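Okay, structure first, notes after.
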Amino acid sequence: MLTYYCPHCWHTLDAGVTVCPVCGYDLTEFERLPYSQKLIHALHHPIPERRVIAAQVLGDLGAREALPAFEALLDELQGEAYDYYLLRAVLEAIARIPDPRRVTLLRRATHHPADLIARLAHDLLARIEASERLDTPHQALGGITGEENQHT
Ligand SMILES: [Zn+2]
């Protein structure tokens, strides 16, 4: 059995409800939102796995519009709100979004109070910088091994 949630206040809803009885949000309005906007909402879903999946799919989509929400999460998910799995998914998604702001966000994340997150941000940055070097036309170093070209 599916549980329905209000995408605005995350209260549970009965199936078929069109207006949230708690906050008054019009659910038909939500249905009209673009897919990436729904996913951005789902970054705050009450079920942790849903939040992680939303971040992963936004990364798959290369959704630039998610960058401000990711930036906010990096600030929010500290101290008591620390959520390693979501932060890891957020960082990995940021790294896959083809936008120069990803470098700025990852650099900031290298100062995250959680060591694991700071280190992951560092590794992702190094990977982006290495791939950008490979893309530059006047590549002085020859003999780049095939291993580096495999995209996982
Ligand atoms: Zn609501």
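Before moving on, here are some points about what is shown:
- Lone qualifier among Ala95, Ala69, Ala54 - being touching a helix residue (DSSP H, G or I) at 6+ places or on another chain (Cβ under 9 Å), without any contact (Cβ under 8 Å) to a residue 24 or more places away in the chain and of a type outside the set (Ser, Thr, Tyr): Ala54
Residues are listed down the side, and each one gets a yes or a no for (1) at pLDDT 95 or above; (2) within 24 Å of Tyr84 (Cα to Cα):
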| residue | (1), (2) |
| --- | --- |
| Thr3 | no, no |
| Thr18 | no, no |
| Pro21 | yes, no |
| Phe30 | no, no |
| Gln37 | yes, yes |
| Val52 | yes, yes |
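- Out of Ala81, Ala89, sole residue that is under 21 Å from Ala42 (Cα atoms), modelled with pLDDT under 95 and among the small types (Gly, Ala, Ser): Ala81
- Pairs where the first residue, in segment 73-87, is more than 16 Å from Glu49 (Cα to Cα) and the second is small (Gly, Ala, Ser) and part of a helix (DSSP H, G or I), C-beta under 7 Å, 6+ apart: Leu74/Ala109
- Residue that is of a type in the set (S, T, N, Q), surrounded by fewer than 14 Cβ atoms within 10 Å (Cβ to Cβ) and touching a helix residue (DSSP H, G or I) at 6+ places or on another chain (Cβ under 6 Å), where the choices are Thr110, Thr12, Thr18: Thr18
- Residue that is surrounded by the most Cβ atoms within 10 Å (Cβ to Cβ) [pool: residues in segment 21-43 that are within 12 Å of the ligand (Cβ to nearest atom) and part of a loop (DSSP other than H, G, I, E, B)]: Tyr25
- Segment 6-20, residues that are within 26 Å of Leu91 (Cα to Cα) and either touching a Pro at 6+ places or on another chain (Cβ under 7 Å) or more than 11 Å from the ligand (Cβ to nearest atom) (or both): Trp10
- Hey, Ala118 farther than 23 Å from Ser131 by Cα and either within 16 Å of the ligand (Cβ to nearest atom) or in a helix (DSSP H, G or I) (or both) or not: no
- Contacts under 7 angstrom Cβ, first residue in segment 2-29 being within 20 Å of Ile47 (Cα to Cα), partner polar (S, T, N, Q) and within 7 Å of the ligand (Cβ to nearest atom), 6 or more apart: none
The values are calculated or read from the model by the stated rules, or taken from the named source; none is laboratory data. Computed from a predicted structure; not experimentally measured. Because the Cβ atoms are built from the backbone with ideal geometry, glycine has one as well, and the counts that use them run over all protein chains shown.
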